[in-house]
Amino acid sequence: MASQIRTEEKSVPFFILPFSAECATSLEVLRRNHIDALELIKGEEELASYCYTASTCCLHFSQFRSIVTGANRTELLNALRAEPFCCSKTDDVMKLNSEPESNGPTPLSFLFSGAGAEFFQMGLELYQTCPSYRSHFDDINSQLMDLDGIDLLRWLRDGEEIALYSLISIFALEYSLLQLWADWGVRPTLCVVGHSFGELAAAVAVGGLSLPTAARLVVSLRQSVLRNVKPGRMLMVLVDEETTRALLNSFSQHTIQKFANFLASNYITKATVIPGVFHPYHSRYMIPAPTELLVDLEKLEYSRRHAGVKYISSVYGKPMEASENLVASYWFQGLHKPAQFIGSANSAVTVGGRLFLELSPQPILTGLMKKNCPEANFICIPSLRKNISNWRTIIEAVAALYLHRIEVDWAKIWNNLNDNTNKRVCIKPVPHLLPKYSLPN
């Protein structure tokens, strides 16, 4: 029986107010109308009804859009009154009151991080307060329980250190975020990029893995690694590949002292042992595991990927051809071959990636994308951040997507935000600013 985590079936104290118009003048009139209306509102229930009505009952034009988010009426009013008008403090994602290059939505790509992104109680706030997220997390957790007795709630709730639980939790969280975004009407339209363990959720996103197959793959991976691979660690060094290769004093033997001396002599201080990772993934030391693992993986049923959304492989560092599928041999290679994320990042930009949504515990890949593609013009939006409210981050992500003409299901978003969403109120409309005509006698 799975562990229990206290949940809260009540309204989330967070609000989102989108508005749009066909011209800048009308948008400004709407802003002033919202300020006047919010100044008269008393209480969170009335505020929620007002924002719910604006979200679900008003037309959403593509030409000019703005949006404000906040935990209370004061935050919403401060954002609406800001000069120049600004709807959020989220970095690098808000472009307001500007006419878009086109009226259509920006092509959207998804990023999925791997080892090193996990931390204690990641996504716990969403699990406790978001029914849709909790339902999807429980789906994957129940399958893992049935297959191998893996109860991720023990790690999520108590931080209990159980072999590979932190890495498996990354997949569970990313899968749950993927399904939550889908519930809200948000899906990748251009490409998906998964790094290391993040490739599992990326494969689900394009139909290459079903949930039952992904769960069995995760269990087979865990069992094989625990039986066949000696413990080890992974080190993140922020230098290029050529310099990293020079860190290794030979192909057969490595000494800690020489490694440390090399770091010191070359002034490389940004070297970090990746937390929560206790096996040397993506290295030849994993080879004992794949031999047995391949036999198990070949017993699984794999699906053809959906057409239209590119799958950019971090095993190959490039997009996979439409004829290539994510079968046993692919996952076999991914365990012991280096992750080619630099190639993946460049490929994502090359195929036209300009808007990325990262589905991970914290925006690890956002920084790597910016570092490896410094000349490219793109925006990365985090779904979650460490040490920041889950709801604040994900609602600001909704706001950023809205500004880039990504259509969302507002009713379903409010079903998760507020338990009293069927109340609608009157919102003052904007008069149509029609040109004057001279009518003949």
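Just so you know, all these numbers are worked out from the coordinates, no wet-lab data involved. What you see is a predicted model, and the numbers here were worked out from it, not measured in a lab. Cβ atoms come from the backbone with ideal geometry, glycine included; neighbour counts cover every protein chain shown.
If R0 is 60 Å, what FRET efficiency do you get for LYS42 and LYS318 from their C-beta distance, rounded to 0.05?
0.60
For the residue pair ALA182 and THR25, what label-to-label distance in nm results when each label sits 7 Å from Cα along the Cα-to-beta-carbon direction?
4.6
Please give, to one decimal in nm, the separation of the simple spin-label points placed at ILE35 and GLU298, each 7 Å out from Cα toward the Cβ.
7.0
Full extension from ASN325 to ARG154: what is 0.36 nm times the residue separation minus their Cα-Cα distance, to one decimal in nm?
Once the chain is fully extended between ASN325 and ARG154, it gains 58.1 nm.
With a/c under 1.5 counting as rounded, go ahead and sort the stretch 323-400 into rounded, prolate or oblate using the C-alpha gyration tensor (a ≥ b ≥ c being the square roots of the eigenvalues; past the cut-off, prolate if a/b is larger than b/c, else oblate).
Verdict is prolate for the stretch 323-400.
Take VAL219, VAL193 and order them by how many other Cβ atoms sit within 10 Å, fewest up front.
VAL219, VAL193
Longer than 31 Å from Cα to Cα, which of LYS299/LYS412; LYS337/LYS386; LYS310/LYS371; LYS386/LYS412 are they? Say none if no pair is.
LYS299/LYS412
Express in nm, to one decimal, how much length is gained between ILE388 and ILE342 on full extension, taking 0.36 nm for each residue of separation and deducting their alpha carbon distance.
That pair, ILE388 and ILE342, stretches by 13.7 nm at full extension.
Would you mind checking which residues have amide H under 5 Å from ILE381's amide H? H placed 1.01 Å from N; only 5 or more apart, or other chain.
Under 5 Å from the amide H of ILE381 lie the amide H atoms of PHE356, LEU357, GLU358, each far enough along the sequence or on another chain.
Kindly write out, for the stretch 133-142 in residue order, the coupling ³J(HN,Hα) from the Karplus curve 6.51 cos²θ - 1.76 cosθ + 1.60 (θ = phi - 60°), rounded to whole Hz, with x marking Gly and Pro.
So the Karplus estimates, Gly and Pro as x, are 4, 4, 4, 5, 5, 5, 4, 5, 5, 5 Hz.
When the Cα centres of the stretch 352-422 and the stretch 14-49 are compared, how far apart do they sit, in Å?
Cα centres, the stretch 352-422 to the stretch 14-49: 22 Å.
Mind sorting GLU160, GLU174, GLU375 by how few other Cβ atoms lie within 10 Å of their own Cβ, fewest first?
Lowest count first: GLU375, GLU160, GLU174.
Would you list THR53, THR25, THR69 from fewest to most Cβ contacts within 10 Å?
The fewest-first ordering by Cβ neighbours comes to THR25, THR53, THR69.
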